[in-house]
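Taken together, the values in this text are just the output of simple stated rules run on the coordinates, not laboratory data. Bear in mind that the values here come from a model prediction, so they are computed numbers and not experimental data. Cβ: placed from backbone, ideal geometry, glycine included. Neighbour counts: every protein chain shown.
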Amino acid sequence: CATCGEALLTSSLVARAASVFDEYGADAWYERPTEEFIPEGLACPGCGGTTFERERDILDVWFDSGSSHEAVLPFRDELTWPADIYLEGSDQHRGWFQSSLLVGLGTRGRPPYREVLTHGFVIDVDGRKMSKSLGNTIAPQEVIKESGAETLRLWVASSDFRDELRVGKQILQRVVEAYRKIRNTCRYLLANIYDFDPATDMVPLESMEEVDRYALARYGEVARDVLKAYDAYDFPGIFQRLNQLTTVDLSAFYADVSKDRLYTFAATSAERRSAQTAMYVMADGLARLLAPILPVTAEEMWKHLGTRDEASVHLAHFPTAESVEKLLDPPLVRRWERLIAIRDEVNRALEVARQEKTIGNSLGAHVVLRARGAAAGLLESCRNDLPMLFIVSQLDFESADGEGPEVEVIVTKATGEKCARCWRIVPATSKNQLTEGLCERCMAALRPAA
């Protein structure tokens, strides 16, 4: 009111202003005469004046978005006020985050969110802002067309969102390779449980082969860390732990040493079922843990895991902390880390023998392993597992005294006959017409179950 200064806001004023804006646009507030905004018969309720001035002060432009929580959260049954999290770029610290905070404090005395997560912006490998004029832009559609959407998702997850996110063809190519390794490992796990029914074939943890319990213990450590990382929004940490598990612990070691049991032992043998149990538990857990990052891959895994209570992995829960804790076994992990270190020494000796043409592959080797001190006791305790661990046909172990290296490895060519089924070199194979060329172990594996 031009007379007493009282501010007026009535439904008729709003309706009148809306009709002017509809005809002339929002700039009409500054361009059209004041009289066009005043409804007929409007009078100041304070002094009765009929002369008015328009308000020219501007409300914070972020007020609309800053008050959006009041327009959304209280009116949807599936949501709560305050929101669980606000997620936006680092430029919103003085924008949406700040305006929402002010509105929430002003109306309800607390922020409208429980947590705030901010992320950086996408830049090129040289740290430059992406620009068409610089020719350094990479369209998401191009990445999806060339490498698939899962690769793009994995790149996002592997990047530290707290800083600027670098992207380029070389970076994406490394992500492609990482994704292939993760996918191939998951495929290997699933391929080897095709005839495994968890309802009838599961082996209790305490009855499993030691190497299988070790694999589950390593999976348990990773799953525990990944669950904590999800709570902390540490997506790069999730990628690093899962990538390490699938490419190093599983692909480079566990899958390698398990092939003999899975491919050549009797289908229902305790040794094979033990490996399948470990693989089922890990495949199930990996599908759940990968689901937020690789949703399509995880869904494919879920469908191949057989009939489940949940129709989709995205309706299932993460592995529980309790189920993961049961798998942990720090002493066993330390024991097998030492065994794997010895395995690396044996593999180096086998590689030298291959290069010298002494052997063609590891199954053609006869290894003499001489150990001293703690290594001798460790190897003696798992003597029967050593051919499996080193993937050799013949192995002699000796405990040594006195001075010398902790472990000595001597590789010669294995002598005997090659089994046509398992490819091990054995003293003799069958000459029977029905089982000709097979070793005793393979013949036993092929006999019908009693």
Whole-Hz Karplus couplings 3J(HN,Hα) for the stretch 129-134, θ = phi - 60° and coefficients 6.51, -1.76, 1.60, Gly and Pro as x, run 4, 6, 8, 4, 5, 7
Surrounding charge for Ser399, neighbours by C-beta under 12 angstrom, Lys/Arg +1, Asp/Glu -1, total -3
Largest-first semi-axes in Å of the equivalent ellipsoid built from the Cα gyration tensor of the stretch 33-125 are 38, 19, 11
Of every Cα-Cα pair in the stretch 393-432, the percentage lying beyond 16 Å is 52
Of Leu101, Leu13, Leu165, the most mobile residue in a GNM of the chain (C-alpha springs, cutoff 10 Å) is Leu13
Reduced to Cα centres, the span from the stretch 104-177 to the stretch 403-450 in Å works out to 54
FRET efficiency for Asp197 and Ile138 from the Cβ-Cβ distance with R0 = 51 Å, rounded to 0.05, comes out at 0.65
Computed about the Cα centre, the charge dipole of the chain from +1 Lys/Arg and -1 Asp/Glu charges at the Cβ has a magnitude in debye, to the nearest 20, of 2020
Placing one equal point scatterer on each C-alpha of the stretch 1-57 and summing with Debye, one gets log10 I(q)/I(0) at q = 0.12, 0.18, 0.26 Å⁻¹ equal to -0.27, -0.59, -1.14
Residues whose modelled amide H sits under 5 Å from the amide H of Arg166, counting only those 5 or more places away in sequence or on another chain, are Ile123
Computed ³J(HN,Hα) along the stretch 100-114: with the Karplus parameters 6.51/-1.76/1.60, θ = phi - 60°, integer Hz and x for glycine or proline, the list is 5, 4, 5, 5, x, 5, x, 9, 10, x, 7, x, x, 9, 7
For Lys129, counting only lysines whose alpha-carbon sits under 17 Å away and dropping same-chain residues fewer than eight positions off, the answer is Lys169
Within the set Val176, Val367, Val14, GNM on the chain using Cα springs under 10 Å gives the largest fluctuation to Val14
The relative contact order of the chain, taking Cα pairs under 8 Å that sit 6 or more residues apart, comes to a percentage of 10
Calc'd 3J(HN,Hα), the stretch 181-187, phi into Karplus 6.51 cos²θ - 1.76 cosθ + 1.60 (θ = phi - 60°), Hz, glycine/Pro = x, comes to 5, 4, 5, 5, 5, 5, 5
Under 19 Å by backbone N from the virtual spin label 7 Å along Cα-to-Cβ at Arg114, the residues of the stretch 196-228 are 227-228
Whole-Å distance linking the alpha carbon centroid of the stretch 284-357 with that of the stretch 1-43 is 68
Of the convex hull drawn through the C-alpha atoms of the stretch 338-415, the volume per residue in Å³ is 79
The lysines whose Cα lies under 21 Å from the Cα of Lys259, excluding any fewer than 8 residues away in the same chain, are Lys181, Lys418
Highest GNM mean-square fluctuation among Ala400, Ala26, Ala267, for the chain with Cα springs under 10 Å, belongs to Ala26
Cross-link reach from Lys145 to aspartates and glutamates, straight Cα distance under 17 Å and at least 8 residues apart if same chain, gives Glu177
Computed over the chain: longest principal axis from alpha-carbon atoms vs helix 270-290 long axis, angle to nearest 10 degrees, is 20
Calculated from DSSP helices alone, with each H run of at least 4 adding -39500 (n - 2.57) and the total divided by the residues of the chain, [θ]222 nm to the nearest 500 comes to -14000 deg cm²/dmol
Rounded to the nearest 0.05, FRET efficiency between Arg166 and Glu36 (Cβ-Cβ, R0 45 Å) equals 0.25
Residues of the stretch 310-332 with backbone N under 13 Å of the label point set 7 Å from the Cα of Asp77 along Cα→Cβ are none
For the chain, one quarter of the surface area of the C-alpha convex hull, expressed in nm², comes to 35.2
For Ala365, other-chain or 5+-apart residues with amide H closer than 5 Å (H placed, Pro excluded) are Ser393, Gln394, Ala414
